[in-house]
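> Encoded as structure tokens, here's the structure I'll be asking about.
The values are calculated or read from the model by the stated rules, or taken from the named source; none is laboratory data. Remember, it's a predicted structure, so these values are computed and weren't measured experimentally. Ideal geometry is used to build each Cβ from the backbone, glycine not excepted, and the neighbour counts take in all protein chains shown.
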Amino acid sequence: MDYRTPLSKVRGLGSAKSGTAHWWLQRVTAVVLIPLTVWLLWLFKLSFYAPYQETAVWLSAPLNSICLLAWIVAVFYHAALGVQVVIEDYVAGDGSKIIAIWLVKLIFGVLALAASIAVFKVISAG
Amino acid sequence: MIHHNRPLSPHLQVYKLPLTGVISITHRMTGVMLSVGLIVFVYVVSAIAAGPEAYQALQGIMGHWLFRLVYGGFIYALFFHLCHGVRHLIWDTGRGFDKATLNRYAFYELIAALVLTLAALFLTFTG
């Protein structure tokens, strides 16, 4: 049984391809981020007031660095999925849409790597 | 493909958004805003990784009243996005779509986000 209309076959655009995975991962990362983000506010509190040693020691404690790395993966994935939807809704041309999404994912990927490397650096120094 | 001269409804220039509509677009705007704000997070962890001097410089910036003001704004954006996100999860179960519930939840979200923001800022900036 072929559910695609003749018009969609001619245009070659096909289906959305991975819409369900996108939707589902947006939810999974959202649920993970609820406790982790509230927990993360502690890092900002330390950064506001605590001396260097205290913040570095807190960050290199195993549970904290694991949670922070998990937060980094979840938050950048969640942000990339979210901004992708915004681009899909407001950028009209297919070419600029694909390039914009690709660029956003590249930027979030690089930022996630930079943040992860910083965490590893604190762990190895501590 | 872009179609011109199609009827547009609701037309955003003449249509007054109801509270639910304002909240919906605010969810999107806070999402984009928080995504951009992630750059500040990367700066914070990088400064911690770079050692005591970079950390001192970071604390100099974070101590400025303007940074704290913007930080407070971001925390409200965060908790609003979180509260509305929870509602999206409730909607995903197929519940809460009737008009009265929509308006009631919209009100709850704004209050909950405000309370959570005040609590978080209080815990951050005092003892």
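> Kindly establish whether A:Ala100 is modelled with pLDDT of 95 or more, more than 23 Å from B:Leu78 (Cβ to Cβ), assigned to a helix (DSSP H, G or I) and touching a Gly at 6+ places or on another chain (Cβ under 7 Å).
Considered against the rule, which asks whether it is modelled with pLDDT of 95 or more, more than 23 Å from B:Leu78 (Cβ to Cβ), assigned to a helix (DSSP H, G or I) and touching a Gly at 6+ places or on another chain (Cβ under 7 Å), A:Ala100 comes out as no.
> Name the helices (runs of 4 or more DSSP H) wholly inside the range B:41-127 in which the number of residues that are within 22 Å of A:Thr55 (Cα to Cα), over 19 Å from the mean Cα position of the chain (by Cα) and aliphatic (A, V, I, L, M) is 3 or more. Working first, answer last.
Details: elements: B:52-62, B:65-92, B:99-125.
Counting at least 3 such residues, we get B:52-62.
> List every residue pair whose Cβ atoms sit under 9 Å apart, with the two residues 6 or more apart in sequence or on different chains, where the first one lies in the range A:102-116 and is touching a residue at least 40 places away in the same chain (Cβ under 8 Å) and within 14 Å of B:Ala49 (Cα to Cα) and the second, anywhere, is hydroxyl-bearing (Ser, Thr, Tyr) and surrounded by 16 or more Cβ atoms within 10 Å (Cβ to Cβ).
Between residues of the range A:102-116 that are touching a residue at least 40 places away in the same chain (Cβ under 8 Å) and within 14 Å of B:Ala49 (Cα to Cα) and residues that are hydroxyl-bearing (Ser, Thr, Tyr) and surrounded by 16 or more Cβ atoms within 10 Å (Cβ to Cβ), the close pairs are A:Ala115/B:Ser46.
> Restricted to the range A:93-104, and to residues that are surrounded by 13 or more Cβ atoms within 10 Å (Cβ to Cβ) and within 12 Å of chain B (Cβ to nearest Cβ), which residue is farthest from A:Leu59 (Cα to Cα)?
A:Lys97
> Which of the residues that make up the range B:19-64 are free of Cβ contacts under 8 Å to residues at least 40 places away in the same chain and of a type in the set (Val, Ile, Thr)?
Of everything in the range B:19-64, those that are free of Cβ contacts under 8 Å to residues at least 40 places away in the same chain and of a type in the set (Val, Ile, Thr) turn out to be B:Val22, B:Ile25, B:Val32, B:Val36, B:Ile39, B:Val40, B:Val42, B:Val44, B:Val45, B:Ile48, B:Ile61.
> If you go through the range B:25-58, how many residues are exposed (fewer than 14 other Cβ atoms within 10 Å of the Cβ), more than 10 Å from chain A (Cβ to nearest Cβ) and over 20 Å from A:Ile117 (Cβ atoms)?
Of the residues in that region, 1 qualify.
Listed here are the residues, each with its yes/no results for (1) closer than 23 Å to B:His81 by Cα; (2) crowded, with 18+ Cβ neighbours inside 10 Å; (3) modelled with pLDDT of 95 or more.
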position	(1), (2), (3)
A:Leu7	no, no, no
A:Trp42	yes, no, yes
A:Ala56	no, yes, yes
A:Leu68	yes, yes, yes
A:Ala74	yes, yes, yes
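> Does any residue of the range A:69-86 turn out to be in contact (Cβ under 8 Å) with a residue 60 or more places away in the chain, on the phi < 0 side of the Ramachandran plot and within 12 Å of the chain's Cα centre (by Cα)?
Yes, the range A:69-86 has at least one match.
> Which one of A:Ile99, A:Ile87, A:Ile117 is under 22 Å from A:Leu40 (Cβ atoms) and either in contact with a strand residue (DSSP E or B) (Cβ under 8 Å, 6 or more places away or on another chain) or not small (Gly, Ala, Ser) (or both)?
Answer to the selection: A:Ile117.
> Which of the numbered conditions does A:Leu69 fail, given that it passes all the others? Conditions: (1) at the interface with another protein chain (Cβ under 9 Å from one of its Cβ atoms); (2) part of a helix (DSSP H, G or I).
Among (1) at the interface with another protein chain (Cβ under 9 Å from one of its Cβ atoms); (2) part of a helix (DSSP H, G or I), A:Leu69 violates only (1).
> List the number of the failed condition for B:Ile61; all other conditions in (1) closer than 25 Å to B:Ala119 by Cβ; (2) buried (at least 16 other Cβ atoms within 10 Å of the Cβ); (3) of a type outside the set (Asp, Glu) hold.
(2) is the only condition that B:Ile61 fails.
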